[in-house]
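See below for the structure under consideration.
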Amino acid sequence: MNLLLKSAKIYAPATAALHHKTRDILIANGTITKIAAKIALPKNTTEIKLDNLCVSVGWFDSSVSFGEPGYEERETIANGLEVAGKSGFTDVLLNANTKPLPNTGSDIVFLKESSRSSSTTLHPLGALTLDGKGDALAELFNMHTMGAVAFYDYKRAINNSNLLKIALLYAQNFDGLVCSFPEDVAIKGRGIVNEGEISTKLGLKGIPSLSEELQIARDLYILEYTGGKLHIPTISTAASVKLIANAKKKGLNVTTSVAIHNLVLCDEELESFDTNFKVKPPLRTKRDTIFLAKGVQNGTIDFVTSDHRPMTIEEKRVEFDNAGFGTIGLESAFGALNNLYGVDGAITYLTKGRERFGMDTPKIEEGQKACLTLFDPEVKYVFEGKDIHSKSKNAIFLGKELKGKVYGSINNGKSIFK
């Protein structure tokens, strides 16, 4: 793959000499070979010249679900990675959200082999407990050896406090990262949306903020006791931000993330009874979104995620109570973040987090592997069905105005464009 990117504005905060500069970028055999004000087109090279072309380091998403194996009707690995690449993501963490769940090293090998030909690199998460049942630990060390970057029972709370304690102690033997979904199942009960004025008005069973906050407080106490590395994915309340901030002040080795839709949208959206707004954790109040957005800006929340979770029409186009939790989000991630934080903020938050999962951070420099996202940050549009490339169409941002068009990405010696 030989490409010449013409007149590209570079967003690279880590490389001050190039940040916000417009340059030509020559890529040969997957490597950045030259960056200059003007570069003549070499032989056997394709010129890429696009309107208001901007370039950043390839984007990273820490919470993506597909379906294969077991739920291919939702999404396949091949198409899911193609969607990710077209949406600007060069690296994604794949949740343990399949059937069967990845419990062993051979399961991890299957996932990695299934993605080897893609421009987007798939980094698999192994299940924390056998079949996600919360009764016994899965084969953590074996999966780590085969390439699992962390261990997470996706959207399943670890109810057994002693099991979390054992996991944190055991994983320290190989510097493993344990993930714990913040939900107290007993307090959640049969809740399906945020407990508050809106849920009462609509007659929908509520999930108290306490169910998340109590679980986080428990996890942090256990982490303080055991040591080790803990990641708490997709928090959603103002008090959760405070709990994480206090834990970091104590020096605990904890990180957290937030789903982009929880940053941007609140439970007022539920008045339409559109099941695309049924997500987990639920959309909270406007006050919560403000605290979450500030938490991202001040670094309390370590990174953002699309929390991409495809669901079929049969799982979504039913009564609200019976609909499945989840939304796709890869295609809308940049446009929603760019609206909220502006292009510099959006790029900063979409490129953070690799180090936590043992991944190298790419750079825009001569001699470095080309791991790039191409985009135009100024285009405004209403997100519609035609903008969805996923097999499933359960998009929470349908009908919302977004800002920023992604052209595609370059990674692993390959390029993919919309």
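General observations
- Note on segment 192-296: Kirkwood radius taken over Cα pairs, Stokes-Einstein applied at 20 °C and 1.002 mPa s, translational D equal to 150 µm² s⁻¹.
- All distinct Cα pairs of segment 10-74 go into the 1/r average, and the inverse of that average, the Kirkwood radius, is 15.0 Å.
- Folded to 0 to 90 degrees: helix 238-249 orientation relative to the chain principal axis, Cα: 80 degrees
- The antiparallel fraction among DSSP beta bridges confined to the chain stands at about 50%.
- Nearest-0.05 FRET efficiency for Arg218 and Arg317, computed from C-beta distance (R0 25 Å): 0.10
- Segment 377-401 and segment 106-128: distance between their alpha carbon centers, rounded to Å: 27 Å
- Computed across segment 317-378, the Kirkwood radius stands at 14.7 Å (inverse of mean 1/r, all Cα pairs).
- With the simple spin-label model, which puts each label point 7 Å out from Cα in the Cβ direction, the Glu72 to Lys205 separation comes to 3.5 nm.
- Å² per residue, accessible surface of segment 208-288 at 1.4 Å: 35 Å²
- The convex hull built on the alpha-carbon positions of segment 308-415 has an orientation-averaged projected area of 8.7 nm².
- Divide the volume of the convex hull around the Cα atoms of the chain by the residue count and you get 128 Å³ per residue.
- Segment 218-360: translational diffusion in µm²/s, Stokes-Einstein, Kirkwood Rh over Cα pairs, 20 °C, 1.002 mPa s: 133 µm²/s
- Using distinct alpha-carbon pairs, which all enter the 1/r mean, Kirkwood radius of segment 283-359 in Å: 14.4 Å
- Cα-based values for segment 119-189, radius of gyration first and Dmax second, are 12.5, 42 Å.
- Backbone HN-Hα couplings from phi across segment 195-203 [Karplus 6.51/-1.76/1.60, Hz, Gly and Pro as x]: 6, x, 4, 5, 5, 5, 4, 8, x
- Within segment 1-116, the proportion of C-alpha pairs whose separation exceeds 25 Å stands at 41%.
- The mean accessible area for residues of segment 1-45, using a 1.4 Å probe and ignoring ligands and nucleic acids, is 52 Å² per residue.
- Summarising the amide proton neighbourhood of Ser7: residues at separation of 5 or more, or on other chains, whose placed amide H is nearer than 5 Å comprise Asp24, Ile25.
- Surface share of carbon and sulfur [accessible, 1.4 angstrom probe, percent] for the chain: 50 percent
The values are calculated or read from the model by the stated rules, or taken from the named source; none is laboratory data. Values in this document were obtained by computation on a predicted structure and should not be read as measured data. All Cβ positions, glycine included, derive from the backbone under ideal geometry; neighbour counts span all protein chains shown. Surface areas here come from the heavy atoms of the whole protein model, side chains and all, with no ligands, DNA or RNA. Shrake-Rupley method; radii C 1.70, N 1.55, O 1.52, S 1.80 Å.
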